[in-house]
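Remarks on the structure that follows.
The values are calculated or read from the model by the stated rules, or taken from the named source; none is laboratory data. Small disclaimer: the values here were computed from a predicted structure and weren't measured. Counting neighbours? That spans all protein chains shown, and the Cβs are built from the backbone with ideal geometry, glycine included.
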Amino acid sequence: MWLFLVALSLVLSLLRLYQHFQQRYQFWAKLEVPYPEPAFPVGNVGDTLKPTIHFAYIIDRLYRQLKHHGDYAGIYFFRDPVLLVLSPDFARTILVKDFNYFVDRGVYSNEAVDPLSANLFFMEGNRWRQLRAKLTPTFTSGKLKAMFHTIVDVGMRLDRYLAERCTGPTAQLVDVKELLARFMTDVIGSCAFGIECNSLHNPDSRFRLMGMLDNNVYLTSGKRMINLPKLKALKVFFAMMFRRQARALGIRFNDKDVSDFFLSVVRDTIRYREESGIRRNDFMQLLIDMMRKDQSDGGVNDEGLTFEEIAAQAFVFFFAGFETSATTMTCALHLLANHPVEQEKGRQCVREVLTKHDGQLTYEAIMEMEYIECIINETLRLYPPVATLHRITTQPYRLPNGKVLPTGVGVIIPNLAFQHDSTNFPEPFHFLPTRFAERKGDAKPNFSFLPFGEGPRICIGMRFGLLQTRLGLAMLLRHYRFRAPEGASNHPLKIDPINLIHGPAGEVLLEVERITET
Ligand code: HEM
């Protein structure tokens, strides 16, 4: 009997759930916004359950299916309605013109149990505005210039490391993805935390070894944060859909051991600098100076930062900066290995500029390398590491059709889809760096190319990310030649479907040959 009752209540609950979803699925019809028919319970994104396709391509597919509707369409993310932006012009409206209606990303975070989530990326509303205003001066070209030598030092170590491996007459097979992940760990570790990680030479560095997982697989702390295993992905997914309930349950985005590690690194660094009186040209110093300001005026002006805020920002600089830049460099080298003419043009550009600058890799020289900039832009167009942009309505918003979107509705700007659309970029799957030289004179920024986002919430580290990528590429092209190994199967690159970052799956092996004397 009780079995029957359990079965009955299960069926009734399912029925109620089904009705609840069907009610939610009226949302776009009521607002007279075009939408594809949703399926219970996955809405229009059933493929997110498949481990074979990256989220950006699910959105790309919907974009192509709905594009003819004009500026926007509605989709359902399981039970939640999400506005899908379909035109670069409407992307401009959301990101810039009507930004005040779309201030937040709507990403789940829980500061109470996870202090590192109080960072610029996750933060919302006025707290985000205040923090963004405080941190913006950290990324001026003057500050970046002061940090340039730190990046060059790490670049020299990368060169020495590779030179030691490329001594013989034949080219060496190198996993450039792993190599560049280590390089970027060292650059960002040095600039954001003021720590010599030296993971290039020492894969056992604290930053690399921090995450010892069960079953004896160890992942780097960087990977640990971004490579969401399936279970964690489900947890985050649940938290995104049911933010209030997830907060009440104390669900956290960052694992506790990762969080404890970064908090202790920042605490040790601050103590060390205070005790030794050592100052460095890095983000950590700028953050510490802001903390001192807070302490000296008793926090009355609300201009400074607390210890937790420093730790959270250093953490997000590492989290947001390390894999995005490493992925960009990896994809650029992979493209160049498969396009020797463009590779040679890149090398030529580096050599010509350096000849003008007495062979010195100065900040000014790097900024003059226009073809390198074109290579990076074209790489970011084909392989944007952040491949969809997210916003949420922070107040009711009147759509161009006159209907009002309530607060709390998600918005997706499909930047990968825009960048792969032949309307915006003819021959979209060809690697053509010069298309960016031709676009340079465009007076208005074009919202079809958005690898760093746009508007007040644009990537704050854009110039830093571009600088370290330009420098890394210039140093490598100057001394090394890259070739795709014979019969290599990884072209075009296979994308890792379960990584939040849109980047290559597995190793990226290239043949590397030193072409100058050491
Ligand atoms: C090639 C490298 C990089 C790429 C492609 C990239 C891309 C992006 C994108 C697309 C966003 C979202 C923008 C939006 O929603 O409109 C973002 C936000 C952000 N990025 Fe980057 N990023 C890179 C490097 C960096 C670096 C090096 C740092 C720090 C040192 C950084 C820190 C951040 C932060 C803090 C945010 C949140 C900004 C806010 O909400 O105010 N990024 N990035």
For region 359-387, name all the residues that are out of contact with any Cys (no Cβ under 8 Å at 6 or more places or on another chain), more than 9 Å from the ligand (Cβ to nearest atom) and assigned to a loop (DSSP other than H, G, I, E, B).
359, 360, 361, 362
Give region 246-270 a look and list any residue that's among the basic types (Lys, Arg) and more than 16 Å from residue 192 (Cα to Cα), or say none.
247, 252, 256
Does at least one position in region 160-177 carry a residue that is closer than 30 Å to residue 448 by Cβ and hydroxyl-bearing (Ser, Thr, Tyr)?
no
How many residues are small (Gly, Ala, Ser), within 14 Å of the ligand (Cβ to nearest atom) and either within 26 Å of residue 293 (Cα to Cα) or surrounded by fewer than 24 Cβ atoms within 10 Å (Cβ to Cβ) (or both) if we restrict to region 312-352?
4
Checked pairs for region 489-518, first of a type in the set (Lys, Arg), second assigned to a loop (DSSP other than H, G, I, E, B) and crowded, with 16+ Cβ neighbours inside 10 Å, C-beta under 6 Å and 6 or more apart or across chains, list as 514/166
Can you find a residue in region 388-401 that is of a type in the set (Phe, Trp, Tyr), touching a strand residue (DSSP E or B) at 6+ places or on another chain (Cβ under 6 Å), surrounded by 13 or more Cβ atoms within 10 Å (Cβ to Cβ) and not in a helix (DSSP H, G or I)?
yes
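So that you can scan it fast, the table gives a plain yes or no per residue for (1) under 22 Å from residue 96 (Cβ atoms); (2) in contact with a Ser or Thr (Cβ under 7 Å, 6 or more places away or on another chain); (3) more than 16 Å from the ligand (Cβ to nearest atom):
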position: 399; (1), (2), (3): yes, no, yes
position: 408; (1), (2), (3): yes, yes, yes
position: 412; (1), (2), (3): yes, yes, no
position: 417; (1), (2), (3): yes, no, no
position: 427; (1), (2), (3): no, no, yes
position: 436; (1), (2), (3): yes, no, no
Could you run through region 321-359 and say how many residues are in contact with a His (Cβ under 9 Å, 6 or more places away or on another chain) and of a type in the set (Val, Ile, Thr)?
1
Any pair with Cβ under 8 angstrom, 6 or more apart, that starts in region 324-350 at a residue that is without any contact (Cβ under 8 Å) to a residue 24 or more places away in the chain and ends at one that is part of a helix (DSSP H, G or I):
348/371; 349/370; 349/371; 349/372
If I filter region 110-142 down to residues being part of a loop (DSSP other than H, G, I, E, B) and within 12 Å of the ligand (Cβ to nearest atom), which single residue comes out as farthest from the chain's Cα centre (by Cα)?
124
Output the number of the condition that residue 85 fails; it satisfies all remaining conditions of (1) crowded, with 19+ Cβ neighbours inside 10 Å; (2) closer than 30 Å to residue 249 by Cα; (3) in contact with a Ser or Thr (Cβ under 9 Å, 6 or more places away or on another chain).
(2)
Cβ-Cβ below 8 Å, separation at least six or inter-chain, first residue in region 40-56 and of a type in the set (Lys, Arg), second surrounded by fewer than 19 Cβ atoms within 10 Å (Cβ to Cβ): which pairs?
50/497
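This table checks each residue for (1) surrounded by 15 or more Cβ atoms within 10 Å (Cβ to Cβ); (2) more than 16 Å from the ligand (Cβ to nearest atom); (3) farther than 19 Å from residue 196 by Cα; (4) at pLDDT below 80.
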residue: 215; (1), (2), (3), (4): no, yes, yes, yes
residue: 235; (1), (2), (3), (4): yes, yes, yes, yes
residue: 272; (1), (2), (3), (4): no, yes, no, no
residue: 285; (1), (2), (3), (4): yes, no, no, no
residue: 302; (1), (2), (3), (4): no, yes, yes, yes
Of the conditions (1) within 16 Å of the ligand (Cβ to nearest atom); (2) modelled with pLDDT of 95 or more; (3) of a type in the set (S, T, N, Q), residue 422 clears all except one; give me its number.
(1)
Listed residues 466, 493, 471, 477; which is within 15 Å of the ligand (Cβ to nearest atom), over 30 Å from residue 108 (Cα atoms) and not basic (Lys, Arg)?
471
Does residue 126 count as in contact (Cβ under 8 Å) with a residue 24 or more places away in the chain and polar (S, T, N, Q)?
no
